[in-house]
Amino acid sequence: MNRNDLKQLALVRLKEARVLLNTSNYDGAYYLCGYVIECGLKACIAKKTRRYDFPNRNTVNESYTHDLTKLVKIAGLVLELDKEMKNTPAFKTNWSIIKDWSEASRYKKYSEKESVDLYSAVADKKHGAMKWLKLHW
């Protein structure tokens with residue numbers, strides 16, 4: 001899987017999440033929204049990998065996580081994320097919703113509001129996480 005694959009996968013998962021929301025499948029929509037961000041962050045990590053360089057073992061091993069906070073750090077985006085949250089209150093609100101996602105969400109039930117809130121935090125055209133990620137991937 002390469003950077004372009006991860007970018008495309010993020011976009012596909014976002015479409016799938018919207019379909020699930022539209023059919024009242026809130027648990028699955030919530031779950032997939034987190035994977036949208038995970039794939040986007042992994043595309044950012046892949047961007048940092050220079051062609052023909054042998055990747056750092058720690059970076060590779062640490063990248064095999066679903067923890068969004070860790071992925072932001074591995075992608076080298078902590079300062080960018082902090083800056084965006086400081087400058088854009090709506091983005092900060094959205095990220096505060098997103099950061100709590102976990103792959104363990106696949107075992108939980110979510111309300112319509114929780115799912116719509118997470119989807120909106122990811123997909124918002126002005127201040128959503130996808131817009132921000134696209135600047136960095």
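Read-outs: derived from the displayed coordinates by stated rules, not from any lab. Just so it is clear, the structure is predicted and the values come from calculations on it, not from any experiment. Cβ placement follows ideal geometry from the backbone for every residue including glycine, while neighbour counts extend to all protein chains displayed.
With respect to the conditions (1) part of a helix (DSSP H, G or I); (2) over 15 Å from Met130 (Cα atoms), Arg18 falls short on a single one, namely (2).
Answer with yes or no whether Gly34 is surrounded by 17 or more Cβ atoms within 10 Å (Cβ to Cβ), assigned to a helix (DSSP H, G or I) and touching a Ser or Thr at 6+ places or on another chain (Cβ under 9 Å). Even if it seems obvious, please write down each step before you answer.
Numbers: surrounded by 17 or more Cβ atoms within 10 Å (Cβ to Cβ): yes; assigned to a helix (DSSP H, G or I): yes; touching a Ser or Thr at 6+ places or on another chain (Cβ under 9 Å): yes.
The answer is yes for Gly34.
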